[in-house]
Amino acid sequence: MLEPARRSPRRADARPKGIDLADEARFLKSWFDKPLVTGAVSPSGKGLARMMARYVDPDEPGLVLEIGPGTGPVTEALLERGVAPERLVLVEFNPEFVTLLRKRFPGVTVVQGDAYAARQTLAGVLEQPLTATVCSLPLLTKPIRQRVALLEDCFHMSRPGAPFIQFTYGVVPPIPREAIGETTAAGSPRVWLNLPPARVWIYRRPA
């Protein structure tokens, strides 16, 4: 079992403007419009968001990439964990969510684009290696080769040993162990209070 990184004090200047109940309606509409892109009918719960954020060390130098942030529950958890806004880079496909994220999280870099082409989407944006990638994309809707390609892209942009953090509602890793070679995969405790219950998987490539 992975040991979570130590927690830094919450930054008073990093508080988001607040996630309201209208997010549920936004997410549901997005799911009805493009179910394979949105992947879920509601935003991640606070418990799941905090579980994802706990595997990011806020004191580790470098940028933190979040892909598929939606309306921002994991972004909020990362800021509460102590990650400085200027270190956060978000990639979101939905233009409505992009506008919402930019308003809700001033100081955070929000890029509209396709995370499955992460290196192209982020060309010219990243000025230093990633210290972690936090992913909320619905990976199980994509072929395994595309999931692995996303993982490879993120590792290519990261410092050695940086985690790729992904949640799933399934009972098996979202990127199968047999498809990732020497990359390690470890699961968190299941977050039973999330609807539906979910687990976080942490992938690392040995330095």
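The values are calculated or read from the model by the stated rules, or taken from the named source; none is laboratory data. As the structure is a computational prediction, the values presented were derived from the model and not from experiment. So basically every Cβ, Gly included, is an ideal-geometry build from the backbone, and we count neighbours across all protein chains shown. All accessible areas refer to the heavy atoms of the entire protein, side chains included, with ligands and DNA or RNA removed. Shrake-Rupley method; radii C 1.70, N 1.55, O 1.52, S 1.80 Å.
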Filter the stretch 126-164 down to the residues that are modelled with pLDDT of 95 or more and closer than 21 Å to Asn94 by Cβ, then identify the one that is most open to solvent (accessible area, probe 1.4 Å). Gln146
Restricting attention to the stretch 124-131, does a residue exist that is within 13 Å of the chain's Cα centre (by Cα), over 19 Å from Thr168 (Cα atoms) and not β-branched (Val, Ile, Thr)? yes
Restricting attention to the stretch 134-185, report how many residues are more than 11 Å from Arg205 (Cβ to Cβ) and part of a loop (DSSP other than H, G, I, E, B). 14
Quick check on my filter: what residues within the stretch 75-103 are under 20 Å from Leu48 (Cα atoms), out of contact with any strand residue (DSSP E or B) (no Cβ under 7 Å at 6 or more places or on another chain) and in a helix (DSSP H, G or I)? Glu76, Ala77, Leu79, Glu80, Arg81, Phe97
First in the stretch 101-113 and closer than 13 Å to Leu63 by Cβ and charged (D, E, K, R), second anywhere and buried (at least 18 other Cβ atoms within 10 Å of the Cβ) and modelled with pLDDT of 95 or more, Cβ under 7 Å, 6 or more apart: none
Taking the criterion of being in contact with a Ser or Thr (Cβ under 8 Å, 6 or more places away or on another chain), of a type in the set (A, V, I, L, M), touching a residue at least 24 places away in the same chain (Cβ under 8 Å) and over 19 Å from Glu60 (Cβ atoms), would at least one residue in the stretch 159-180 satisfy it? no
Identify, from the list Lys29, Lys46, Lys103, the residue that is more than 16 Å from the chain's Cα centre (by Cα) and modelled with pLDDT under 95. Lys29
Of all residues in the stretch 165-207, which are of a type in the set (D, E, K, R), more than 16 Å from Ala53 (Cα to Cα) and surrounded by fewer than 17 Cβ atoms within 10 Å (Cβ to Cβ)? Arg177, Glu178, Glu182
Quick check on the stretch 104-113. Is at least one of its residues crowded, with 22+ Cβ neighbours inside 10 Å, touching a helix residue (DSSP H, G or I) at 6+ places or on another chain (Cβ under 7 Å) and not in a strand (DSSP E or B)? yes
